[in-house]
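The values are calculated or read from the model by the stated rules, or taken from the named source; none is laboratory data. Predicted model, so just to flag it, every value in this text is computed and none were measured. No Cβ is skipped: glycine too gets one built from the backbone with ideal geometry, and neighbour counts run over all protein chains shown.
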Amino acid sequence: MYLASGIQKATLAAAAALIAAGTLAAVDWPQWRGEKRDGISSETGLLKQWPSGGPKVIWKTTGLGEGYSAFAIAKGKLFTQGQRGSEQYVMAFDVATGKKLWETASSEKFSQDRGNGPRGTPTLDGNNLYAESGDGILLSLDQASGKVNWKISMVKEFGGEVPGWGYSESPLIDGNLLIATPGGRGASVVALDKNTGKVVWKSQNDRAGYSSPIAVDTGKTHQIIVFTGSGVMGLFGKTGELLWRYDKVSNRTANIATPIYSNGYLFVSSAYGTGCALLKFEEDGKAKEVFFSKDMKNHYSSSVLVGKYLYGYNDAILTAMKFENGEVAWRSREVKKGSVAYADGMLYVLGEDGTVALAEATPEAYKEVSRFDIRKGSLPTWTPPVISNGRLYLRDQDNLVSYDVKGR
């Protein structure tokens, strides 16, 4: 029988600790905008600079089809949506190889002059996956097999009207509830039993916007924050009762960016000449304006909050803004209009022209350390970058690439 010495045992223990630490540093991205719906990964140990030409490519794959859906990543799988031929699909890929594991048709094709196919990102919750097609088919699937658990039409069930550029939200799971925004009369926002699809509550009359809902706890109040086609509002999580609403930040064309919550404050932003606002929650759970500014007009992408500063696009200009008062720290045109994500001290910036940049997240100035370009087609690269388990994932319609940003 082999008996390890004390030194050998210590060495094995140290190795195990290192492996455990590495495992803990790896982070999934299970829904739209990551763990907390804020565009931020808590992952550490990532590269601070990329090789010339970009990070090492782990794999490339095709077969996603048309669409702008981003990714939910966990359990060794990547989930997304796309459209091919006459149907929209929800699909799963192996993150190790890029092999497609399954795909399930969700609805008939959705066509639009700014790009066809689904827009929303699937949401992973335990063994189930939730997705929403461009024409408002909401469904629950088994994440392992793609088998449909339940499926409803938000247009037929709730009188919703498909927005001009298609339903674009990503479903929110809040406890046992699934929150979605059909935009119907008396059913602007709905809460469904996530296991059955049955209605728990319906609320308000706003038309649907393009933003995704978030859930927050403000003091003793748990509420759902929704940026609809008419304004931003807070609803009691259990009942859907209206707590407050704020319409000043809304425009009549498209409200898209996801609200950002931090420590009792809410940041909301919209483009088309509108602007942004910071709201403060009172003890009763209602929100009041702290400031309104024209200096951060988020269009199709949302800002990220890192420390005391927001980093995002004011229309086409990448901007750093102080969260508490709206003071602009810097502006940069180095990467054309696009999307921003954050991980391990760095901003991951994807321009709609296919430029990918890595920059320090600092209010001092725009400090880019690396960049490369991805091959793209005729449509803009509107799918935001996703960072998960040491990989960077980028999509251009049918094409998906996995990059090593851990340097393993």
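Brief remarks on what is shown
- Residue tally, condition free of Cβ contacts under 8 Å to residues at least 40 places away in the same chain and closer than 16 Å to Lys248 by Cα, over region 280-302: 9
- Summed over region 364-391, the residues that are assigned to a strand (DSSP E or B), of a type in the set (Ser, Thr, Tyr) and buried (at least 20 other Cβ atoms within 10 Å of the Cβ) give a count of 1.
- Residue in region 166-206 that is farthest from the chain's Cα centre (by Cα), counting only those that are surrounded by fewer than 18 Cβ atoms within 10 Å (Cβ to Cβ) and under 30 Å from Asp113 (Cβ atoms): Arg185
- Against the criterion of being hydrophobic (A, V, I, L, M, F, W, C) and touching a Cys at 6+ places or on another chain (Cβ under 8 Å), Val232 does not qualify.
- For region 230-252, filtered to residues that are under 25 Å from Thr319 (Cβ atoms) and at pLDDT 95 or above, the residue that is nearest to the chain's Cα centre (by Cα) is Val232.
- Subset tally (residues that are more than 20 Å from the chain's Cα centre (by Cα) and among the β-branched types (Val, Ile, Thr)) for region 308-356: 3
- Qualifying residue in region 316-339 (condition: buried (at least 21 other Cβ atoms within 10 Å of the Cβ) and under 19 Å from Pro213 (Cα atoms)): yes
- The number of residues in region 344-363 that are within 28 Å of Gln83 (Cβ to Cβ) and either surrounded by 19 or more Cβ atoms within 10 Å (Cβ to Cβ) or in contact (Cβ under 8 Å) with a residue 60 or more places away in the chain (or both) comes to 6.
- Only one entry of Glu352, Glu283 meets the criterion of being in contact with a Pro (Cβ under 6 Å, 6 or more places away or on another chain) and charged (D, E, K, R), and that entry is Glu352.
- Segments classed as strands (runs of 3 or more DSSP E), wholly inside region 79-140, with at least 1 members that are under 20 Å from the mean Cα position of the chain (by Cα) and farther than 22 Å from Ile256 by Cβ: 87-94, 123-125, 128-132
- Matching residues, region 251-279, being surrounded by fewer than 17 Cβ atoms within 10 Å (Cβ to Cβ) and in contact (Cβ under 8 Å) with a residue 40 or more places away in the chain: Ser262, Gly264
- Residues within region 57-78 that are within 20 Å of Asn127 (Cα to Cα) and either of a type in the set (A, V, I, L, M, F, W, C) or not in a loop (DSSP other than H, G, I, E, B) (or both), tallied: 7
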